[in-house]
Every structure is written in C-alpha cells, then in structure tokens.
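For reference, the structure is listed below as structure tokens.
The values are calculated or read from the model by the stated rules, or taken from the named source; none is laboratory data. Worth saying up front: this structure is predicted, and the values here are computed from it rather than measured. Every residue, glycine among them, receives a Cβ derived from its backbone with ideal geometry; neighbour counts consider all protein chains shown.
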C-alpha cells in the first residue's frame with residue numbers, strides 16, 4: 001500500500017509517517033516472540049512438544065492478560081490494567097507501539113505516562129536478553 005500510494009503521487013511524508021512506525025512495531029513484536037519461542041523450543045525435548053508448548057504459553061498468557069485487563073478496566077483500575085500488560089508478549093509490544101510510536105492500543109490498559117512506557121521498554125529488553133542468555137546456556141549444556 002505504501003508503494004502504491006507513493007507511486008500515485010501521494011505525499012511521501014504523510015505515507016512514511018504511518019509506514020515506518022508500523023514496520024518498527026512489527027519488528028519489536030517479532031523480536032519479542034522469536035526470543036520467547038526460541039527459548040521454549042530449546043527447553044523441550046521433541047519438536048511436537050515445542051510447538052504445543054509455544055502455542056499454549058502464548059495463548060494462555062494472552063488470554064490471562066486480556067481477561068484481567070478487561071476486568072480491571074470495567075472496575076476502573078487503570079494501574080492494575082497497565083501492570084498486567086507486562087505479562088504477555090503481545091501486550092508488551094502493543095504497549096510500546098502505542099506509547100512510543102503513537103499507535104492505537106489494541107489492548108485495555110495501554111501504558112500512560114513516561115514511567116510506565118519506560119517500564120514496558122525495559123521489560124521487553126530484559127525479556128529478550130534473558131531469553132537469549134537462557135537459550136545460549138541451554139545450548140552450552142547440550143553441547144557438553
């Protein structure tokens with residue numbers, strides 16, 4: 001759509017201001033999911049178990065976060081709703097893209113304020129680095 005809009009003489013800056021933050025959001029989500037799923041698959045013994053464990057862990061974390069955020073939003077507990085968003089890779093990426101990149105949040109309880117947005121960013125970085133360190137540790141054990 002970006003190439004089509006630009007080739008039809010649409011304003012490049014208008015199109016780029018929407019396109020590049022979207023690409024960055026997808027990149028953030030991809031890095032978070034790749035690190036978490038890579039660790040889960042490295043810790044399982046069989047490929048079939050790895051696929052099942054990945055699907056279950058992502059589904060359960062997303063369902064739990066969505067349910068708690070909806071309940072917290074209904075009861076006007078915004079702080080709880082924002083903190084629970086730290087427990088799912090999808091809400092982490094969504095919180096970063098809505099907080100830093102100006103996107104629209106698709107979850108209840110998008111982070112508000114610079115402190116909460118920084119907490120989402122730091123949690124995401126810690127999750128990615130922690131997963132990669134544990135993945136390397138797992139492969140070192142298997143190499144011995």
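Rundown of residues vs (1) modelled with pLDDT of 90 or more; (2) under 21 Å from residue 101 (Cβ atoms); (3) out of contact with any helix residue (DSSP H, G or I) (no Cβ under 7 Å at 6 or more places or on another chain), yes/no style:
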{"position": "31", "(1), (2), (3)": "yes, yes, no"}
{"position": "45", "(1), (2), (3)": "no, no, yes"}
{"position": "52", "(1), (2), (3)": "yes, no, yes"}
{"position": "66", "(1), (2), (3)": "yes, no, yes"}
{"position": "74", "(1), (2), (3)": "yes, no, yes"}
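Across segment 101-144, which residue is modelled with the highest pLDDT among those that are under 22 Å from residue 34 (Cβ atoms) and part of a loop (DSSP other than H, G, I, E, B)?
Step by step, filter segment 101-144, then rank; the result is 101.
So is residue 132 surrounded by 12 or more Cβ atoms within 10 Å (Cβ to Cβ) and in contact (Cβ under 8 Å) with a residue 40 or more places away in the chain or not?
yes
So which residues in segment 85-103 are touching a residue at least 24 places away in the same chain (Cβ under 8 Å), surrounded by fewer than 20 Cβ atoms within 10 Å (Cβ to Cβ) and within 15 Å of residue 20 (Cα to Cα), if there are any at all?
101, 102, 103 - these are the residues of segment 85-103 that are touching a residue at least 24 places away in the same chain (Cβ under 8 Å), surrounded by fewer than 20 Cβ atoms within 10 Å (Cβ to Cβ) and within 15 Å of residue 20 (Cα to Cα).
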